[in-house]
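Everything on this sheet refers to the single structure shown next.
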Amino acid sequence: MEQMSLFDNRKEYAPLASRLRPESLSDFIGQEHLLGQGKMLRQIIERDQISSMIFWGPPGVGKTTLASIIAGCTKAEFINFSAVTSGIKEIKEVMAQAENARKLGVRTVMFVDEIHRFNKAQQDAFLPFVEKGSILLIGATTENPSFEINAALLSRCRVFVLKALTEENLVQLLKNAIKAPAGFGNQTIHITEEQLLAIAKVANGDARTALNTLEMAVLNGELAPDASVTVTNEGLEQCINRKSLLYDKNGEEHYNLISALHKSMRNSDPDAAIYYMQRMLESGENPLYIARRLIRFASEDIGMADSGALQVAIGAYQACHFNGMPECDVNLAHAVTYLSMAPKSNALYVACEEAKKDIRTRRTDPVPLQICNAPTKLMEELAYGKGYEYAHDYENKLTRMQCLPDALADRRYYRPTSQGKEREVKERLEEIREWKKEKEK
């Protein structure tokens, strides 16, 4: 049956992540909260006491792998079903086979990958067969099942929440890939601990991404005469680098002029700023492009030092839209002069860049449950919103509730300057942080 192709043993041309798919719980890495010794899901699999369940978690954490392990452990008929390629007709055909098997005393376990892609009608087609036990349903989803799975179907399934893999999990996975015969075990691979950790960091908890990156790094490594491969830092950087596309409209001079305008305003030089702005307009530049750059500048280089700068920049954009050329040049000059003379602070820009760096180089941990909403019963049972403190219920509108993930609890991204109006913001923020510090004593 074609649905069984997920577990086909012909792996010689498969990607590394497929070749290394674990076939037993002892080889599985991660999800210790579910698969550690004595944990419920491990016992269910080892005892072949499978019931209908949903695996919910981000990509690359082992949902499909767990299905393949269950397929190897269960004595039931196991069918793999894809929500991407299957419709109601295929569902009914498989359900009829499962019903016939039930009458003969044979259990059928059906794994549905990406079950959230099934619409309501398709999900409803499963329901009567799940209810009477014709099939035991195992669904895998990256989406919140409270929103994506029909309530009637969800109520008959146990939800197991899979977590993003830790960096330690991923480093171990990568080391196994280098040693395993199905991986690079038949080659000599030279790769450092630092390089493995770099791959683990950029993978962001996703085993598939980590293994794909390792495979690219090895394939692009330096091949020695003895057939060994050395992964270089330069080669690895090419495999993990996030490249941004350059928007090129009028060539180098276009970027030289917008850079000159931006830096002149930053240096509080309205004469130079107006000159470069007018030079761009005379060259045929779209005034709305310049206005958009001014909007960016207002927050990047002025920010909270003068919040009115953003309003002036947006006003200039609207004026350019209403007036067009050539009348709107004076509107742009108005904004350029205001931005040039405004007090400067790049605190917002620095805050964004530091937060961006943490997001790209560290694990993106889940939002703390206390500040998550719990619109469904399942989310309430998983402690969503538990411990939330509503600031308006407190006299000074402040609470000690932690909003950043635990790993970033002490990070400070926004550090206000003493420029312009931002001085007041700085004083207020210092008062708030001091209040919270006092309450911790």
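Tabulated results
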{"quantity": "Restricting region 281-307 to residues that are of a type outside the set (Gly, Ala, Ser) and not in a helix (DSSP H, G or I), the residue that is most open to solvent (accessible area, probe 1.4 Å)", "calculated": "286"}
{"quantity": "Residue list for region 151-174, restricted to those being open to solvent by 60 Å² or more (accessible area, probe 1.4 Å) and assigned to a helix (DSSP H, G or I)", "calculated": "151, 168, 172"}
{"quantity": "Residue 200 vs. criteria in a helix (DSSP H, G or I), farther than 29 Å from residue 44 by Cβ and open to solvent by less than 30 Å² (accessible area, probe 1.4 Å)", "calculated": "yes"}
{"quantity": "Residue count for region 388-441, restricted to those that are over 29 Å from residue 359 (Cβ atoms) and exposed (fewer than 10 other Cβ atoms within 10 Å of the Cβ)", "calculated": "6"}
{"quantity": "Given (1) more than 24 Å from residue 378 (Cα to Cα); (2) modelled with pLDDT under 85, number of the condition residue 133 does not satisfy", "calculated": "(1)"}
{"quantity": "Residue in region 51-62 that is farther than 20 Å from residue 157 by Cβ, touching a helix residue (DSSP H, G or I) at 6+ places or on another chain (Cβ under 6 Å) and open to solvent by less than 30 Å² (accessible area, probe 1.4 Å) present", "calculated": "yes"}
{"quantity": "Selection count where residues are assigned to a helix (DSSP H, G or I), open to solvent by 20 Å² or more (accessible area, probe 1.4 Å) and either among the charged types (D, E, K, R) or in contact (Cβ under 8 Å) with a residue 40 or more places away in the chain (or both), scope region 252-273", "calculated": "6"}
{"quantity": "Residues of region 86-98 satisfying the condition of being open to solvent by 70 Å² or more (accessible area, probe 1.4 Å) and within 18 Å of residue 71 (Cα to Cα)", "calculated": "97"}
{"quantity": "Scope region 99-121; condition more than 28 Å from the chain's Cα centre (by Cα) and surrounded by 13 or more Cβ atoms within 10 Å (Cβ to Cβ); matching residues", "calculated": "99, 101, 102, 107, 108, 109, 110"}
{"quantity": "Residue in region 415-428 that is in contact with a Leu (Cβ under 8 Å, 6 or more places away or on another chain) and in a loop (DSSP other than H, G, I, E, B) present", "calculated": "yes"}
{"quantity": "Checklist (1) in contact (Cβ under 8 Å) with a residue 12 or more places away in the chain; (2) over 30 Å from residue 301 (Cα atoms); (3) part of a loop (DSSP other than H, G, I, E, B) applied to residue 395, failing item", "calculated": "(1)"}
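A quick yes/no check of all residues on (1) acidic (Asp, Glu); (2) in contact with a Gly (Cβ under 8 Å, 6 or more places away or on another chain):
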position	(1), (2)
293	no, no
300	yes, no
308	no, no
349	no, yes
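Conditions (1) touching a Ser or Thr at 6+ places or on another chain (Cβ under 8 Å); (2) surrounded by 13 or more Cβ atoms within 10 Å (Cβ to Cβ); (3) assigned to a helix (DSSP H, G or I); (4) modelled with pLDDT of 90 or more, marked per residue:
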position	(1), (2), (3), (4)
9	no, no, no, no
38	no, no, no, yes
44	yes, yes, yes, yes
66	no, yes, yes, yes
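The values are calculated or read from the model by the stated rules, or taken from the named source; none is laboratory data. Since the structure is predicted, the reported quantities are computational estimates derived from the model, not experimental observations. Positions of Cβ are generated from backbone atoms using ideal geometry, with glycine treated the same way; all protein chains shown enter the neighbour counts. All accessible areas refer to the heavy atoms of the entire protein, side chains included, with ligands and DNA or RNA removed. Shrake-Rupley method; radii C 1.70, N 1.55, O 1.52, S 1.80 Å.
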